[in-house]
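Only one structure is covered here, and it is reproduced in the block below.
The values are calculated or read from the model by the stated rules, or taken from the named source; none is laboratory data. What you see is a predicted model; the values in this text were computed from it and never measured. Cβ sites come from the backbone with ideal geometry, for glycine too, and all protein chains shown count toward neighbours. Side chains are part of the model used for accessible areas, which takes the heavy atoms of the whole protein and leaves out ligands, DNA and RNA. Shrake-Rupley method; radii C 1.70, N 1.55, O 1.52, S 1.80 Å.
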Amino acid sequence: MVILRGYQFSVYNRIARIALHEKGVAYETEEIDPFQTDVPLDHLRRHPFGRVPVLSHAGFDIYETTAICRYIEAAFEGPRLLPSGAKALGRVAQVISIVDCYGYRPLVRQVFAHRVFRPSVGEDSDETEISKGLEASFPVLGALNVLAMEGNVLDGQNFTLADCHLAPMIAYFVQAAEGANALKSHSALADWWAYAADRRSVEETDPGLPSS
Ligand SMILES: N[C@@H](CCC(=O)N[C@@H](CS)C(=O)NCC(=O)O)C(=O)O
């Protein structure tokens, strides 16, 4: 049995879900909100840093989304989510690292959270966070646009673990008008998003907003 333990609105949770859907793996979910103070002890035993997601498969627990996705790719049959060529494989790892290190905070925690998510749950938002996030998002979008133009990754044809990783972040970012505008000026990345947004695994895992 496969169980994905995570928070429905988490982009990292969605990355793992997209990989599971792409592979055609049946799974159950256990909802854990890591932002609450009462994260269950069982979860902290599985994830010593108290974040989500954790994947459990036949008694084997694994956390860190990149590791989870690599495990899904190796453990299950289904379409391959990693290319075989050295350059493409390197680019997949590079996109994932860019997204984790430089993209998540500005795109999701600053722009999306303050412009879209917080208002949707009646929480205050901070315009300074949105401006800072937007400013920090430009080098990230620029770097990803260059990689998309090169053609080894985010090519709109071969769906890889890089696509799984980036799609939930862009899906949130473009819900803010500022985010949608910023994406438009990065045409290769915008073309990639037009392709990825229509992908069945991306559509099926859309968490919506708490208020919707
Ligand atoms: N490096 C972790 C990051 C996971 C992560 O940051 N998840 C967020 C939800 S999107 C979380 O659990 N946040 C809780 C917190 O920041 O306390 C991974 O790749 O799984």
With respect to residue 171, is the statement that it is of a type in the set (Gly, Ala, Ser) and free of Cβ contacts under 8 Å to residues at least 12 places away in the same chain true? no
Could you tell me whether segment 58-66 includes any residue that is under 22 Å from residue 196 (Cβ atoms) and not assigned by TED's automatic domain parsing to the domain that holds residue 168? yes
Within segment 76-120, residues being under 13 Å from residue 143 (Cβ atoms) and without any contact (Cβ under 8 Å) to a residue 24 or more places away in the chain number 2
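Suppose we filter 138, 173 for residues that are closer than 15 Å to residue 112 by Cα and surrounded by fewer than 16 Cβ atoms within 10 Å (Cβ to Cβ); which single one remains?
Exactly one of 138, 173 is closer than 15 Å to residue 112 by Cα and surrounded by fewer than 16 Cβ atoms within 10 Å (Cβ to Cβ), namely 138.
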All positions within segment 1-47 that are among the hydrophobic types (A, V, I, L, M, F, W, C), outside any helix (DSSP H, G or I) and more than 18 Å from residue 100 (Cα to Cα): 1, 2, 3, 4, 25, 26, 32, 35, 39
Given (1) surrounded by 15 or more Cβ atoms within 10 Å (Cβ to Cβ); (2) within 16 Å of the ligand (Cβ to nearest atom), identify the lone condition not met by residue 121. (1)
Of the residues in segment 107-137, those that are in contact with a Pro (Cβ under 9 Å, 6 or more places away or on another chain) and within 30 Å of residue 150 (Cβ to Cβ) come to 108, 132, 133, 134, 135, 136, 137
Of the residues 5, 14, 45, only one is within 15 Å of the ligand (Cβ to nearest atom) and over 19 Å from residue 159 (Cα atoms); which? 5
Considering only segment 177-202, state which residues are open to solvent by 30 Å² or more (accessible area, probe 1.4 Å) and touching a Cys at 6+ places or on another chain (Cβ under 9 Å). none
Of the residues in segment 56-66, how many are of a type in the set (A, V, I, L, M) and open to solvent by less than 40 Å² (accessible area, probe 1.4 Å)? 1
Of the residues that sit in segment 114-129 and are assigned to a helix (DSSP H, G or I) and β-branched (Val, Ile, Thr), which one is farthest from the chain's Cα centre (by Cα)? 128
Per-region count, segment 17-42, residues within 12 Å of the ligand (Cβ to nearest atom) and open to solvent by 90 Å² or more (accessible area, probe 1.4 Å): 3
